[in-house]
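Shown next, in structure tokens, is the structure this report addresses.
The values are calculated or read from the model by the stated rules, or taken from the named source; none is laboratory data. All values reported here derive from a predicted model rather than from experimental measurement. For neighbour counting, all protein chains shown are included, and Cβ atoms are generated from backbone atoms with ideal geometry for every residue, glycine included.
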């Protein structure tokens, strides 16, 4: 994993030795539904997922090859939230906070773009608000894995701007590949936590818990330079746009 982003950068640089590379950077934010998907919850008759929204914000660096293909590297601070209902009333509220390191390949054309890539998330904290009379011990975060890997698929369009500044709006889908509840959490019946009515519905430990999201994303980007030669005998160097 630690060599992944280095590999992606080198791949973008060697696609064509003669083609011009140019760079942009920006800030971004996203908001929309997030979900702590767990089949044990779907199998239960009373404890259910509630439609819940989360958000993230961060910055990106684009390494672009010509007019259409680019490599995006991002850092985002994310809050993936999930509320669970018991018999129609909110019972547990989870807020999973993580640092996301993202790499995507983006194809742009005719004012629109599509992208796909990977996401490495480092879980920094988990908060749990519950109606249960059971003490939250150990702390909620200790019931979750430290990291997980996920995939990204997104698409969007150009809204406004000029040759250097652009504003993009799109939709990005996230889905986790890895289980986020650790063995301690499985033993504590996460994400079904606490006394629900007169019984504690038991999870199936073979069912995994995944983070997913489908969010509206806004980007503000600025093209700041290109990697090129000023003449055939010069070395490649970064030339800043005026």
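Taken over segment 130-146, the criterion of being loosely packed, with under 14 Cβ neighbours inside 10 Å and either touching a helix residue (DSSP H, G or I) at 6+ places or on another chain (Cβ under 9 Å) or modelled with pLDDT of 95 or more (or both) is satisfied by 138, 139, 142, 146. In this structure, does residue 213 turn out to be at pLDDT 70 or above, buried (at least 18 other Cβ atoms within 10 Å of the Cβ), over 29 Å from residue 53 (Cβ atoms) and touching a strand residue (DSSP E or B) at 6+ places or on another chain (Cβ under 7 Å)? Answer is no for this residue. Which of the residues belonging to segment 142-173 are within 19 Å of the chain's Cα centre (by Cα) and within 16 Å of residue 92 (Cβ to Cβ)? The one that is within 19 Å of the chain's Cα centre (by Cα) and within 16 Å of residue 92 (Cβ to Cβ): 144. Only one of the listed residues (84, 101) is over 20 Å from residue 189 (Cα atoms) and not in a loop (DSSP other than H, G, I, E, B). That residue is 101. Among residues of segment 164-190 that are on the phi < 0 side of the Ramachandran plot and modelled with pLDDT of 95 or more, those with a beta-carbon under 6 Å from a residue that is assigned to a loop (DSSP other than H, G, I, E, B) and buried (at least 21 other Cβ atoms within 10 Å of the Cβ) at least six positions away or on a different chain give the pairs 181/190. Of all residues in segment 147-172, those satisfying the criterion of being over 21 Å from residue 82 (Cβ atoms) and loosely packed, with under 14 Cβ neighbours inside 10 Å are 157, 160, 162, 163, 164, 165, 167, 169. For first residues located in segment 145-156 and touching a residue at least 60 places away in the same chain (Cβ under 8 Å) and at negative phi, partners that are loosely packed, with under 14 Cβ neighbours inside 10 Å and not in a strand (DSSP E or B) and lie 6+ apart or on another chain with Cβ distances below 8 Å form the pairs 148/177; 149/1; 149/177; 150/177.
Conditions tested, residue by residue: (1) in a strand (DSSP E or B); (2) modelled with pLDDT under 95.
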{"position": "1", "(1), (2)": "no, yes"}
{"position": "7", "(1), (2)": "no, yes"}
{"position": "15", "(1), (2)": "no, yes"}
{"position": "25", "(1), (2)": "yes, no"}
{"position": "42", "(1), (2)": "no, yes"}
{"position": "45", "(1), (2)": "no, yes"}
{"position": "57", "(1), (2)": "yes, no"}
{"position": "60", "(1), (2)": "yes, no"}
{"position": "64", "(1), (2)": "yes, yes"}
